[in-house]
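As structure tokens, the structure follows; a few thoughts come after it.
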Ligand SMILES: C[S@@+](CC[C@H](N)C(=O)[O-])C[C@H]1O[C@@H](n2cnc3c(N)ncnc32)[C@H](O)[C@@H]1O
């Protein structure tokens, strides 16, 4: 998803490297581009953006690797330009810094040892910056994967990971970046009537509202406390959403009344799957969603119950066409985004 958003928004950017799910939760993609980097802070589907300021290859995995990390930082030709570009995007040079280290693979040193090695090198190389523990103006993120090390200067702020509107979330709420990816996959149109029949805190409907106009936003949940939270979130965002307490397996809605459904039914972990198990639940749910979806409507559904979904799709009448299937990690668990359509 992220590579698609980048290709659409920054056609000149070239993918230069990929470290996918290097620590089970995180993927890192490296792009090469000439300018426009400040605009990367408004990507919908990324959680962080970094300027590459140092790189080391063939780093030894024993403690000699620590000296190599320090040397790569001290000798980097990218560091000065990285700081200048950071200052151009944020309007001022940083005065303080900190280092965040992440590591995957077997090494004879600890993550914190790598962090200290780079802190020392940066302290020598950039004496104008003061090392702090928190609230640093500049965050350098060191990623060591096996024998490769990348040092990035974080260009994004915490706002990039956050929701588009202030949001009180629930324990099973989606991350905003995943919700935004699902919204993009629904190919939003201004005349869409959009439904989330298992809306929880309303994350998907509010991210849909942030993406552009819609003719109507409808949502509901079986749990009254979820409906209360979603109602408060929509009011705080100033977004008109029609919300009801209901059973998504028997929606009080006419046939073919919505153009897009965005939803994230229970995985069966944090929120239990009601009834006789995943397959009967997903089969009844899909039938009901098919009933209320317009003939040419779009359904984007995220679940970790991939097999139950695939089984439930078989024999559905009228059929839903599987346009795409994307694997994602949700709180460390493998899940699938299904993009289905009518005609
Ligand atoms: C994974 S959560 C949805 C989280 C939501 N996307 C968010 O970001 O907050 C699944 C939701 O489905 C609701 N739910 C489970 N069974 C339901 C049913 N039969 N009808 C309506 N809602 C149901 C749960 O109460 C829960 O809020």
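If I take R0 = 35 Å and measure r between the Cβ atoms of residue 326 and residue 16 in this structure, what FRET efficiency does the formula 1/(1 + (r/R0)^6) give, to the nearest 0.05? It comes to 0.95.
Going 7 Å from the Cα of residue 4 toward and past its Cβ, which residues in region 36-55 have a backbone nitrogen under 15 Å from where you end up? Of the residues in region 36-55, 44-46 have backbone N under 15 Å from the label point off residue 4. Averaging the sequence gap over all C-alpha pairs within less than 8 Å and six or more residues apart, then dividing by the number of residues, gives region 163-341 a relative contact order of 19 percent. Across region 2-159, the fraction of Cα-Cα pairs farther apart than 19 Å, rounded to a whole number, is 53%. Both numbers refer to the Cα atoms of region 163-341; Rg and Dmax are 14.6, 42 Å.
Using C-alpha pairs under 8 Å with a sequence gap of at least 6, the mean separation divided by the residue count of the chain gives a relative contact order of 12 percent.
Kirkwood's formula applied to the C-alpha pairs of region 106-264 gives a hydrodynamic radius of 18.6 angstrom. Report note on the peptides 72-78, 91-97: ranked by the mean count of other C-beta atoms within 10 Å, highest first, their order is 72-78, 91-97. The alpha-carbon positions of region 221-270 define a convex hull whose volume is 109 Å³ per residue. For the peptides 24-33, 290-299, the ranking by packing is 290-299, 24-33, with the highest mean count of neighbouring Cβ atoms within 10 Å listed first. Oblate is the label for region 19-95, because a/c, from the alpha-carbon gyration tensor with a ≥ b ≥ c as root eigenvalues, is 1.5 or above and a/b does not exceed b/c. Our estimate of slack between residue 111 and residue 130, defined as 0.36 nm per intervening residue step minus the Cα-Cα distance, is 4.7 nm.
Taking every C-alpha pair closer than 8 Å and separated by at least 6 residues, the mean separation divided by the residue count of region 102-210 gives a relative contact order of 22 percent. Length gained on full extension, residue 27 to residue 95, computed as 0.36 nm times the residue gap minus the Cα-Cα distance: 21.6 nm. The distance separating the Cα centre of region 271-319 from that of region 1-73 comes to 37 Å.
Could you tell me which of rounded, prolate or oblate describes region 225-308, using a ≥ b ≥ c as the square roots of the eigenvalues of the alpha-carbon gyration tensor, with rounded for a/c under 1.5 and, failing that, prolate when a/b is larger than b/c and oblate otherwise? Since a/c reaches 1.5 but b/c is at least a/b, the shape of region 225-308 is classed as oblate.
The largest-to-smallest principal axis extents of the Cα set in the chain are 68, 40, 38 Å. Rounded to the nearest 500, the helix-only mean residue ellipticity at 222 nm of the chain stands at -9000 deg cm²/dmol, with each DSSP H run of n ≥ 4 adding -39,500 (n - 2.57).
Read the figures in this text as sums done on the coordinates, not as results from a lab. Remember, it's a predicted structure, so these values are computed and weren't measured experimentally. Glycine gets a Cβ as well: all are built from the backbone with ideal geometry, and neighbour counts include every protein chain shown.
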